[in-house]
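Participant: This is the structure I have questions about; it appears just below.
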Amino acid sequence: MRLKNVPGSREAVAASDHVESDPEQMKGRWVRDVFGNDNPIHIEVGMGKGRFITSLAAINPDINYIGIEKYSSVLIRAIEKAETKPLDNLKFIRMDAEDIESVFAKGEVKKIYLNFSDPWPKDRHAKRRLTSGRFLERFANILSEDGSIEFKTDNRDLFEYSLNEIEPSGWRLQAFTFDLHNDPVMNEGNIMTEYEERFSSEGNRICKYVITLCEQE
Ligand code: SAM
């Protein structure tokens with residue numbers, strides 16, 4: 001993805017109350033010390049400008065949401081939304097998801113959303129894909145036993161690669177579709193992301209899977 005630098009975004013992100021500036025310190029303490037409740041935590045990894053997670057937080061006040069984004073120039077757009085309509089159950093972290101295990105304790109997260117993750121088409125970059133076996137291993141280490149990952153993309157090659165990573169990584173496929181917007185069951189309650197709106201308006205079909213850890217029945 002080509003990024004437009006937004007001057008001052010790094011400083012604005014660092015100063016924002018909507019961003020947890022020292023997330024490693026919160027490992028194992030998110031619910032108690034950040035949100036001050038007993039509600040489950042759902043995260044979106046690679047949230048971009050944050051429309052999806054902000055919409056979810058607004059309609060589900062009993063869930064704590066954390067949006068993770070690598071780049072300040074993008075995260076700043078999510079912060080602007082949060083400033084317009086502050087939500088007690090929404091926080092952001094600026095970080096590379098490679099380090100996610102240093103920020104969440106085992107079992108601390110109930111659901112992980114991956115939306116239109118960067119495809120990294122070259123084979124030598126496969127480990128950077130958020131749906132690679134390496135990332136699924138990291139996610140298994142922070143997810144609760146009854147937790148799940150929901151992944152959406154319009155990239156058919158990335159989706160097929162991602163389907164093949166599930167079982168060898170110790171996960172189980174619960175549901176999938178190659179055409180989300182024409183699948184009445186999986187599309188129920190669907191909230192479109194910025195990328196989803198753009199790609200589907202160009203005629204691209206949206207793929208989605210839901211996976212859980214294998215120990216579950
Ligand atoms: N999820 C949004 C959507 O669907 O509209 C944005 C999709 S955009 C293609 C992917 C986003 O993931 C980018 O903003 C990128 O910076 C972020 N990203 C990619 N790899 C990441 C990583 N390892 N850790 C955190 N964010 C990442």
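Participant: With an 8 Å cut-off on Cα pairs and a minimum separation of 6 or more residues, tell me the relative contact order of the chain in percent. Present the calculation step by step, with values, prior to reporting the outcome.
Facilitator: Details: 385 pairs, mean separation 42.1, N = 217.
Normalised by residue count, the contact order of the chain is 19 percent.
Participant: Determine which lysines satisfy two conditions relative to LYS81: a Cα distance under 17 Å, and not lying fewer than 8 residues away in the same chain.
Facilitator: LYS49, LYS91
Participant: Determine the distance separating the Cα centre of the stretch 1-79 from the Cα centre of the stretch 123-146; give it in Å without decimals.
Facilitator: After rounding, the separation between the Cα centres reads 20 Å.
Participant: Turning to a different aspect of this structure: With a cap of 10 neighbouring Cβ atoms within 10 Å, and only residues DSSP puts in a loop, list the trypsin sites (Lys or Arg not before Pro) found in the stretch 82-135.
Facilitator: Details: sites: LYS91, ARG94, LYS106, LYS110, LYS111, LYS122, ARG124, LYS127, ARG128, ARG129, ARG134; in loops: LYS106, LYS122, ARG129.
Loop-located and lightly packed - LYS122.
Participant: To make sure I understand, if each residue's beta carbon is the centre and we count other beta carbons within 10 Å, what order do TYR113, TYR71 fall in, fewest to most? Mind dumping the intermediate values first?
Facilitator: On the way: TYR113 23, TYR71 18.
Fewest-to-most Cβ neighbours within 10 Å comes out as TYR71, TYR113.
Participant: Pop out the ³J(HN,Hα) list for the stretch 200-213 in order, Karplus 6.51 cos²θ - 1.76 cosθ + 1.60 with θ = phi - 60°, rounded to Hz; leave Gly and Pro as x.
Facilitator: 6, 5, 8, x, 7, 7, 9, 9, 8, 10, 10, 10, 10, 6
Participant: Pulled fully out, how much extra length does the chain show between ASN141 and ARG77, if you take 0.36 nm times their separation in residues and subtract their Cα-Cα distance? It would help to have the intermediate numbers written out before the result.
Facilitator: Values: separation 64, 0.36 × 64 = 23.04 nm, distance 2.96 nm.
Result: 20.1 nm gained on full extension.
Participant: Still on this model: So what is the calculated 222 nm ellipticity per residue for the chain, using -39500 (n - 2.57) for each DSSP H run with n of 4 or more, over all residues, to the nearest 500 deg cm²/dmol? It would help to have the intermediate numbers written out before the result.
Facilitator: On the way: 6 runs with 56 residues, N = 217.
The helix contribution divided over the chain gives -7500 deg cm²/dmol.
Participant: Could you give me the percent of Cα pairs per 10 Å distance bin for the stretch 107-217, shortest bin first, beginning at zero and ending with the bin that holds the maximum distance?
Facilitator: Taking all Cα pairs of the stretch 107-217, the binned fractions are 14, 47, 33, 6 percent.
Participant: Here is a follow-up. Just to check I understand the Karplus step: with θ = phi - 60° and J = 6.51 cos²θ - 1.76 cosθ + 1.60, what whole-Hz values come out for the stretch 152-163, glycine and proline as x?
Facilitator: 10, 7, 9, 8, 4, 5, 5, 5, 5, 4, 5, 4
Participant: Counting pairs of Cα atoms in the chain, how many percent are more than 31 Å apart? Write down the numbers at each step before the final one.
Facilitator: Working: 3595 of 23436 pairs.
Result: 15 percent of Cα pairs exceed 31 Å.
Where a number appears in this text, it was derived from the coordinates with a stated rule and is not lab data. If you're wondering where the values come from, they're calculated on a predicted model, not measured in any experiment. With ideal geometry, Cβ positions are generated from the backbone for all residues, glycine too; neighbour counts draw on all protein chains shown.
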